[in-house]
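Trainee: Mind looking over this structure? Questions follow.
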Amino acid sequence: MSERPKAIGTKQIENDRVIVTEWRFAPGAETGWHRHGHDYIVVPLLDGKLAIDDGKQIHTAEMKAGGSYNRPVGVEHNVINANDFEYAFVEIELKQA
């Protein structure tokens, strides 16, 4: 089994309240397995599909440009670009006050 390419995260802002990271995925690229240490918001930059592996199953999420969603601290998963084109989103992590 060949390894997938890794998504590239570029931190845009980090201060005492938030971390803002732009994630870019080549076709088939993945974040790798990770656990979120903060509540977070995702802002898709493009329409497309992401495969979300939660360790039990892989489901496909339909993403719409600008269609933000949020998740709580502790989410564990691997996010995979399920498109045949580069995909990108902005992740905003909310640090505790």
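What follows is calculated from the coordinates using simple rules that are stated; it is not laboratory data. Everything numeric in this text was worked out from a predicted model, so none of it was measured. Methodologically, a virtual Cβ is constructed for each residue, glycine included, from the backbone with ideal geometry; neighbour enumeration extends over all protein chains shown.
Trainee: Residues in segment 45-60: is at least one touching a Pro at 6+ places or on another chain (Cβ under 8 Å) and surrounded by 17 or more Cβ atoms within 10 Å (Cβ to Cβ)?
Mentor: The answer is no; no qualifying residue exists.
Trainee: Write out, first by first residue and then by second, each pair whose Cβ atoms fall under 9 Å of each other, whose residues are 6+ apart or on separate chains, and whose first residue, in segment 42-65, is free of Cβ contacts under 8 Å to residues at least 24 places away in the same chain while the second is among the β-branched types (Val, Ile, Thr) and outside any strand (DSSP E or B).
Mentor: ASP54/VAL75
Trainee: While we're here: Tally up the residues in segment 1-41 that are under 11 Å from LYS95 (Cβ atoms) and either in contact (Cβ under 8 Å) with a residue 60 or more places away in the chain or in contact with a strand residue (DSSP E or B) (Cβ under 9 Å, 6 or more places away or on another chain) (or both), please. Can you show your working first?
Mentor: Just the residues of segment 1-41 that are under 11 Å from LYS95 (Cβ atoms), to begin with: 14-19, 37-40.
Narrowing further to those that are either in contact (Cβ under 8 Å) with a residue 60 or more places away in the chain or in contact with a strand residue (DSSP E or B) (Cβ under 9 Å, 6 or more places away or on another chain) (or both): 14, 16-19, 37-40.
The qualifying residues number 9.
Trainee: Right, another one. I'm trying to understand the selection: among the residues of segment 70-97, which are exposed (fewer than 12 other Cβ atoms within 10 Å of the Cβ) and free of Cβ contacts under 8 Å to residues at least 40 places away in the same chain?
Mentor: At the first step, the residues of segment 70-97 found to be exposed (fewer than 12 other Cβ atoms within 10 Å of the Cβ) are 70, 72, 74, 76, 84-85, 96-97.
Across segment 70-97, the qualifying residues are ASN70, PRO72, GLY74.
Trainee: Being within 17 Å of the chain's Cα centre (by Cα) and not in a strand (DSSP E or B) is the filter here, so list the residues in segment 1-10 that pass it.
Mentor: Hits for segment 1-10 are ARG4, PRO5, ALA7.
Trainee: Which residues, counting only those in segment 49-60, are more than 11 Å from the chain's Cα centre (by Cα) and at negative phi? Quick ask: steps written out before the conclusion?
Mentor: If we filter segment 49-60 for residues that are more than 11 Å from the chain's Cα centre (by Cα), which is where we start, we get 49, 53-60.
Passing the criteria: LYS49, ASP53, ASP54, LYS56, GLN57, ILE58, HIS59, THR60.
Trainee: Taking GLY66 as the residue in question, decide whether it is touching a Pro at 6+ places or on another chain (Cβ under 9 Å) and either surrounded by fewer than 15 Cβ atoms within 10 Å (Cβ to Cβ) or not small (Gly, Ala, Ser) (or both).
Mentor: Yes; evaluated as a whole, the condition is true for this residue.
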